Amino acid sequence: MELQGRMDENGQMWLTITARGLRGETTIEAMVDSGFTWALALPVSIAVPLGLELVDFRPAELADGTVKHFFAFAATVIIGERGFPTGCLVTETGTPLIGTLFMQSVSATLIAKFAESAVALNIPNA
């Protein structure tokens with residue numbers, strides 16, 4: 001399966017995914033962040049209504065080198081007709097992120113199409 005996305009004027013890549021928890025699901029546009037080594041990050045305003053299950057409280061190093069603790073939750077990312085259980089860090093505010101752990105866990109190939117300002121995430125056997 002290939003998930004099509006877009007590249008903005010700053011070269012940032014965006015994919016539309018559906019995040020699911022115990023009480024609901026929502027479709028969001030998330031930024032692909034190759035420096036984010038976790039699977040998924042959602043701001044609390046998106047995460048709380050989903051009813052995600054708390055699984056951990058863990059430190060994460062931010063881009064500026066500071067270490068901050070985050071609540072980690074179990075979530076499911078829906079792409080096409082398939083659900084992918086994954087971990088999700090919940091942040092106070094900010095942009096939803098798709099990180100390298102998610103892409104590695106589904107054996108994805110990320111293709112940046114700079115000339116077309118597009119991005120594609122290929123997931124085998126999805």
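Quick note: the coordinates plus some simple rules give every number you see, no bench work behind them. Keep in mind the model is a prediction, meaning the values are calculated, not measured. Please note: Cβ atoms are built from the backbone with ideal geometry, for glycine as well, and neighbour counts cover all protein chains shown.
For each of TRP38, TRP14, count neighbouring Cβ atoms within 10 Å of the residue's Cβ, then give the residues from fewest to most. Write out the running numbers ahead of the final one.
Values: TRP38 20, TRP14 17.
Ordered from fewest to most neighbouring Cβ atoms within 10 Å, TRP38, TRP14 come out as TRP14, TRP38.
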Exercise. Sequence-distant or interchain residues sharing an amide H contact under 5 Å with PHE84, placed H: which?
Worked result: VAL77, ILE78, ILE79
For this session: Can you tell me how much longer the chain between LEU22 and GLU53 gets when fully stretched, taken as 0.36 nm per residue apart minus their C-alpha distance, in nm with one decimal?
Result: 10.4 nm
Problem set entry | Among PHE73, PHE114, PHE84: highest mean-square fluctuation, GNM of the chain, C-alpha pairs under 10 Å | PHE114
Seminar exercise, completed: Computed ³J(HN,Hα) along the range 67-73: with the Karplus parameters 6.51/-1.76/1.60, θ = phi - 60°, integer Hz and x for glycine or proline, the list is 10, 10, 8, 10, 6, 10, 10
Seminar exercise, completed: The orientation-averaged projected area of the Cα convex hull of the chain, in nm², is 7.5
Exercise. Taking GluC sites (Glu not before Pro) as exposed when DSSP calls them loop (any state but H, G, I, E, B) and at most 10 other Cβ atoms lie within 10 Å, what is the longest stretch of the chain free of them, the sites themselves excluded?
Worked result: 10-80
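Rounded to the nearest 5, what is the percent of antiparallel bridges among the DSSP beta bridges in the range 21-118?
Numbers: 20 of 26 bridges.
Here the antiparallel bridges make up roughly 75 percent for the range 21-118.
Just need the relative contact order of the chain here, percent rounded to a whole number, with Cα pairs under 8 Å and 6+ apart.
Values: 299 pairs, mean separation 41.8, N = 126.
Computed over the chain, the figure is 33 percent.
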Exercise. Which residue, ALA47, ALA112, ALA30, tops the fluctuation ranking in a GNM of the chain built on C-alpha contacts under 10 Å?
Worked result: ALA112
